[in-house]
Every structure is written in C-alpha cells, then in structure tokens.
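First the structure, in the form of structure tokens, and then the observations on it.
The values are calculated or read from the model by the stated rules, or taken from the named source; none is laboratory data. All of these numbers come straight from a predicted model, not from anything done at the bench. Virtual Cβ from ideal backbone geometry, glycine too; neighbours counted across all protein chains shown.
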C-alpha cells in the first residue's frame, strides 16, 4: 500500500483542513474551490436532524436546500432511523438475486399504490439518471426497432449519463461529449411545436412517425418553470393519437414536492412512464425507480425471455427497499403532501411581498408547493469591477456573483442554507424539507428582507470581509 488506511475512528477526528487536502488529491480540485467561493468550505458539520444542520462550533443552520429534494422528510427522520436499525438487527439478506425478495415486492407495490391509473409496474435502481435511462430503454423496447427518435424539450435536465445528457438541454457539459443521435428538441410548453415535429416526420416517412417517446418535466424543477395550462393534456392527447410514449421525469418533483404526490397530477394526466428518485430513499437510501403502465411493461418485458433484458446489480437491495417502504409510509401518514401545498402557498405569498419590497434586486419569484425560487436581477456591468481584487474564477462567474454573495451571507449572517441553481446562475433555489413550518418560513423571509435592504456595494463589502476571514482561518 502507498499509505496506511484510514480507519472509522480516524474519520471521526479528521480536521477540515485534512478533508480539503483529500478532496484536492483524491476527489476533485474544483469542488473545494467552488465551496470556497461560497464561503462554505470551512463549515464542519457535527450532526443533522429535521430542518437543521448542527456544526462543531455550535451553530444551528436552517437547511432550506433539502438536499436538493432528497430530504423531503428532513434529516435523519426518527422513523427512517428506526427502520434501518431494525433491518440490520435482523441480519436480513441484502442481495436477493436467487430468491423472491419481500422488500422489493413490497416497495414496488407501495410505489404503485401511490401512483395513479395503471402505473403498476416498477423497476428499482439507484439514481434519477439510471431511472431515466431505464425509461428510455423500455420505451424503445416497447416501440420496437422500427422507430428511432426521442423528443425532449429545450428546458430539461434528466441526468449526466450519455443518454440522459443527450436529452438534457440545460446541461452545459453537453458540449464536451458526442451526444446520442436521433434526439430532437422542441420548445417546452409549446404543444403546437410538438405537433408540428410529428407532422413533419409523417410527411417525410409517409406511413408512420419515427418517434419512440417524449421525455419532459411536468414542472421544470430548476427555475420552477410551469408550462401553460393545458400543455400536458395536449401532449398526452398527441402521444395517444400518434403512438408516442410520454415519459415524465419526477425525480425532483415526485413524492409531494409540489403539493401533489406527483407534479403531473396538477393537470390530471397519466404518463406512460414516470421516473422517480431523490426523496424515495427517505434521505438515507440511494434508490430510484421508473414506473410504467401495465400494458407497456408487459409488452416490453413481460415474456420470460425478455424479463431480464434490463437489470442492475444493486436493484432492490434489502435495506434500501426497507428504508423506502417506510419513507412512503411517513410521507402519507404525516400528511406531508398537504403540508407541502399549504406551506408552499404561504411561502410564495411571503416571497411575493419580498419581491415587491426589493424590486431593485429581485426580478421574479416562483413556486409550486415547496419548490420555490428567487430570480435575481442581472447586476450592472460596472459592479463586476468590484471583484477585480478577487480570484479569476469569481470574475468568470460574474453573471452569478450576486447569487453567490447572497448564498454566502445567508449562511454566515443568518444561519440559513440556500443554494444557487445548478445551471441558472441568477436563481436561488428554495427547497426545504416538507416538514417546514410557518415559524421557519417567517425567519427565512425576515432574514432575506434584512439582507436585501443592504445595497449591493454593502453586500460586496460584507462578502469580501467574509472571504478574508475564511482565508486567514
């Protein structure tokens, strides 16, 4: 061995300086640099519970990121913790490849139970990208080799694997890779444009259109973009008319995030295939799934010789399934979908009041359930010069520099954690656990109101001081 191995006891005593060193040497040099820009790299977490993250220096941080919707139940929900302990105390079998798994069967049944219509067949996997890969694959198998094209929208993110990246218009790293052929983009929210693409294909092929499926988000999660009323219903109608499968990505929005169990239920439609992940694991398990309508699944994979065409080593791990079974029960029994709807309406009203008071900073606020965001105005170009004494990476990040300042000051002045949009640089995402209450929302609004009452020059000065202190610590 090149070096002695780190033990579990060693991990518990690692300094943040050593952790950063390991990131730089063994993980990714860019991640510490990005966190440094947000003044987050020096925060040492002691533990987390519910809405809060507790640091080793005694701070209590309100988590309004919700792990980007992984933590719909909050951090370390007691029922999830008990479920995992119970599973391990039983020394139960984890890998069920040569026996029928009660855990895989029960979780699949529960996912089907909360899914509308005949969305009854479930394939379990490990992530949202894998769920979307599986959805594209079953759609192709169902349609047969005579069709070859996938339609996606110009507002979309479905993952970073080759296939999902090829249908993710918002993923900037697309430019570095050769994308899959036969992926066709249409404008999000414009069902007439979708219809035109179909008719163009029919005119070229004369007999049948060449489209396997359309994949889209019922609510575009990043930036919280809702399509016009009737859009999803018209897409559903066109899919039925032209034999195109409708895949809806609910990886972030599913399981109550938007105030409905699934965001497509706001328009009362049933997709052919739905993909989920993130909060399905209760904040403790890495588990995703696609859910297919009964007739589609059986035609694609129902025959014995086809039943193992799509599989995964870690599909249906015992403890992951056990955890997700309890996560769905918690979501239903604790009324968290309703709380998402009620608290979301309250939060959005407060954000609109905030916008009215700070129109010089806030361009727009949007929300559906507890998926919310603040879109900032583009700072005047002259303000970018205020950053010339800082690093080149921050100057290159000029379009989102105000976002970074607000994220940094919110956590250091008010102990509130928010996150910039992964691709939308002027967007602050607000995705709290579904357990959030009015008191916590009021504190968030009061804190942001106070911060926005500062002029931008004062924010820059406060951020610069914070950066200097972090560099010296």
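Values for this structure:
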{"item": "Strands (runs of 3 or more DSSP E) within segment 237-316 that include 3 or more residues closer than 17 Å to residue 107 by Cα", "result": "273-276, 288-293"}
{"item": "Positions within segment 76-94 being touching a helix residue (DSSP H, G or I) at 6+ places or on another chain (Cβ under 9 Å) and closer than 30 Å to residue 66 by Cα, in sequence order", "result": "77, 79, 80, 82, 83, 84, 86, 87, 88, 94"}
{"item": "Total residues in segment 92-113, condition closer than 18 Å to residue 260 by Cα and crowded, with 18+ Cβ neighbours inside 10 Å", "result": "2"}
{"item": "Test: residue 213 is in contact with a strand residue (DSSP E or B) (Cβ under 7 Å, 6 or more places away or on another chain) and at pLDDT 95 or above", "result": "yes"}
{"item": "Meets criteria (crowded, with 24+ Cβ neighbours inside 10 Å, within 30 Å of residue 430 (Cβ to Cβ) and under 21 Å from the mean Cα position of the chain (by Cα)) for residue 276", "result": "yes"}
{"item": "Those helices (runs of 4 or more DSSP H) lying entirely in segment 117-232 with at least 2 residues touching a residue at least 40 places away in the same chain (Cβ under 8 Å)", "result": "128-143, 191-205"}
{"item": "Criterion: touching a helix residue (DSSP H, G or I) at 6+ places or on another chain (Cβ under 9 Å), modelled with pLDDT under 90 and not in a loop (DSSP other than H, G, I, E, B) - qualifying residue of 410, 448, 471", "result": "471"}
{"item": "Count - residues of segment 59-91 that are more than 20 Å from residue 107 (Cβ to Cβ) and surrounded by 13 or more Cβ atoms within 10 Å (Cβ to Cβ)", "result": "12"}
{"item": "Single unsatisfied condition, residue 10 versus (1) loosely packed, with under 11 Cβ neighbours inside 10 Å; (2) more than 23 Å from the chain's Cα centre (by Cα); (3) more than 25 Å from residue 433 (Cα to Cα)", "result": "(1)"}
{"item": "Members of segment 427-444 found to be part of a loop (DSSP other than H, G, I, E, B) and surrounded by fewer than 20 Cβ atoms within 10 Å (Cβ to Cβ), listed by number", "result": "437"}
{"item": "Test: residue 311 is within 30 Å of residue 86 (Cβ to Cβ), free of Cβ contacts under 8 Å to residues at least 24 places away in the same chain and surrounded by fewer than 22 Cβ atoms within 10 Å (Cβ to Cβ)", "result": "yes"}
